[in-house]
Amino acid sequence: VEVVERVNRLDAILSAINAEMAAAPERGTVADYIPSLAKVSPDHFGIAVILADGSIHTAGDADTPFSIQSVSKVFTLTMALQKHGDELWSRVGREPSGSAFNSIVQLENEGGIPRNPFINAGAIVVSDVVLDGAEPRAAIGDVLRFVRMLASDEAITIDNDVANSEAATGFRNVALANYMKSFGNMDPYVEGALKLYFHQCALSLSCRQLAMAGRYLMNDGTHPQTGEAIISPLLTRRINALMLMCGHYDGSGEFAFRVGIPGKSGVGGGILAIVPGRASIAVWSPGLNARGNSKLGTHALERLADATGWSVFMPTL
Ligand code: GLU
């Protein structure tokens, strides 16, 4: 009885959040620096919550695929850590940057070692590690297969229009990669890592699929359906710590302050958020706040955390 009540209560919370977000007049600004992202309507809002017992709870546009953009950095970081473990930290740091997602300024002072794996420079290094000298096509296929496996969903795809649109306009990411190459922190063939990076950002998932893909992060690194250890419990804790500290660029402090759980945002308006041991959550609303994070997605997670008491800072966890 208690379980049923809890679950009904969660569904009621999600539909209240959805109603509030559907009616919100201020919806933020859709990213337009990647031309094909500019076409998405700011009216969308979706949310999906998967509990540790496997039950799935959704509201709004939870089944509409969107461009996950930087949320993909969590999955490539997992792959890089699987391959190289702690060696990765000689090429990328793990401190919050306090600067914008695409900033180049710290790189000069810090000898071409990006602050963390979730700013663009850091994620491009991680893509270089995942590529590991292989053909970009093969590595793109590996990332796609990895995300499908995590989500237990073979229907997940990469939107090539988005990837090409970003490749045609991503001059700053090209600059970041070349700048790091000048410090010897990139394979000289930077085009390969960039190709992988643009394609992983173009992964297209719905909230339901993204929450499914994030389940291992609430589950100590183990795939809840197959029982396979995707990554060790220690590294899972570290990924979650990085998401909390660095997952929202220079809005990470505010997100921790308001929401209090690990989260990773993307300029497509998606956020993956993890309540360790309890829930994997995905929200999506394309309008962004001034820091480039989903405006209504952040509000929705704040409401959800308030209503459920979910926080890594609560003794009940
Ligand atoms: N593909 C985007 C870029 O590199 C990702 C940025 C983001 O989602 O924050 O510009």
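The values are calculated or read from the model by the stated rules, or taken from the named source; none is laboratory data. Not measured: the values here are computed from a predicted model. Counting neighbours? That spans all protein chains shown, and the Cβs are built from the backbone with ideal geometry, glycine included. For the accessible areas, the whole protein counts, side chains as well, though only heavy atoms, and no ligand, DNA or RNA atoms are used. Shrake-Rupley method; radii C 1.70, N 1.55, O 1.52, S 1.80 Å.
Among the candidates Val40, Val74, the residue that is touching a residue at least 60 places away in the same chain (Cβ under 8 Å), touching a Lys or Arg at 6+ places or on another chain (Cβ under 9 Å) and within 16 Å of the ligand (Cβ to nearest atom) is uniquely Val74. Scanning segment 78-118 for residues that are under 23 Å from Ile231 (Cβ atoms), in contact with a Lys or Arg (Cβ under 9 Å, 6 or more places away or on another chain) and open to solvent by less than 40 Å² (accessible area, probe 1.4 Å) returns Leu81, Val92, Gly93, Pro114, Asn116, Pro117, Phe118. Every listed requirement among (1) modelled with pLDDT under 95; (2) more than 14 Å from the ligand (Cβ to nearest atom) is met by Ser103 save one, (2).
Of all residues in segment 285-296, none satisfies being within 15 Å of the ligand (Cβ to nearest atom), free of Cβ contacts under 8 Å to residues at least 40 places away in the same chain and surrounded by 24 or more Cβ atoms within 10 Å (Cβ to Cβ). Restricting Asp159, Asp132, Asp153 to residues that are touching a Lys or Arg at 6+ places or on another chain (Cβ under 8 Å) and closer than 30 Å to Gln225 by Cβ narrows the list to Asp132.
Exactly one residue out of Thr64, Thr157 is open to solvent by 10 Å² or more (accessible area, probe 1.4 Å), more than 14 Å from the ligand (Cβ to nearest atom), at pLDDT 95 or above and closer than 21 Å to Phe198 by Cβ, and it is Thr157.
For segment 16-37, name all the residues that are more than 16 Å from the ligand (Cβ to nearest atom) and surrounded by fewer than 20 Cβ atoms within 10 Å (Cβ to Cβ). Across segment 16-37, the qualifying residues are Ala16, Asn18, Ala19, Glu20, Ala22, Ala23, Ala24, Pro25, Glu26.
Among the residues making up segment 255-271, those that are open to solvent by less than 10 Å² (accessible area, probe 1.4 Å) and more than 12 Å from the ligand (Cβ to nearest atom) are Phe255, Val259, Gly260, Ile261, Pro262, Gly263.
Could you list all residues from segment 119-130 that are over 13 Å from Val71 (Cα atoms) and either within 16 Å of the ligand (Cβ to nearest atom) or open to solvent by 30 Å² or more (accessible area, probe 1.4 Å) (or both)? Result: Ala121, Gly122, Ile124, Val125, Val126, Ser127, Asp128, Val130. Does Ala139 fit the bill of being touching a helix residue (DSSP H, G or I) at 6+ places or on another chain (Cβ under 6 Å) and either within 15 Å of the ligand (Cβ to nearest atom) or of a type in the set (D, E, K, R) (or both)? No; evaluated as a whole, the condition is false for this residue.
The set of residues from segment 186-221 being open to solvent by 10 Å² or more (accessible area, probe 1.4 Å) and away from the ligand (no atom under 16 Å from the Cβ) comprises Asp187, Pro188, Tyr189, Arg208, Gln209, Met212, Arg215, Met218, Asn219, Asp220. Close contacts from segment 81-105, counting a first residue that is farther than 13 Å from Ile239 by Cα and a second that is β-branched (Val, Ile, Thr) and exposed (fewer than 13 other Cβ atoms within 10 Å of the Cβ), with Cβ to Cβ under 7 Å and a gap of 6+ residues or different chains, come to Ser99/Val105. Of the residues Arg237, Arg303, which single one is open to solvent by 10 Å² or more (accessible area, probe 1.4 Å) and free of Cβ contacts under 8 Å to residues at least 40 places away in the same chain? Result: Arg237 is the single residue among Arg237, Arg303 that is open to solvent by 10 Å² or more (accessible area, probe 1.4 Å) and free of Cβ contacts under 8 Å to residues at least 40 places away in the same chain.
In segment 111-136, the qualifying residues are those that are more than 19 Å from the chain's Cα centre (by Cα) and not aliphatic (A, V, I, L, M), and the one that is nearest to Gly85 (Cα to Cα) is Asp132.
Taking Tyr249, is it closer than 22 Å to Ala305 by Cα, within 12 Å of the ligand (Cβ to nearest atom), in contact (Cβ under 8 Å) with a residue 40 or more places away in the chain and buried (at least 19 other Cβ atoms within 10 Å of the Cβ)? Judged against the criteria, Tyr249 is a match.
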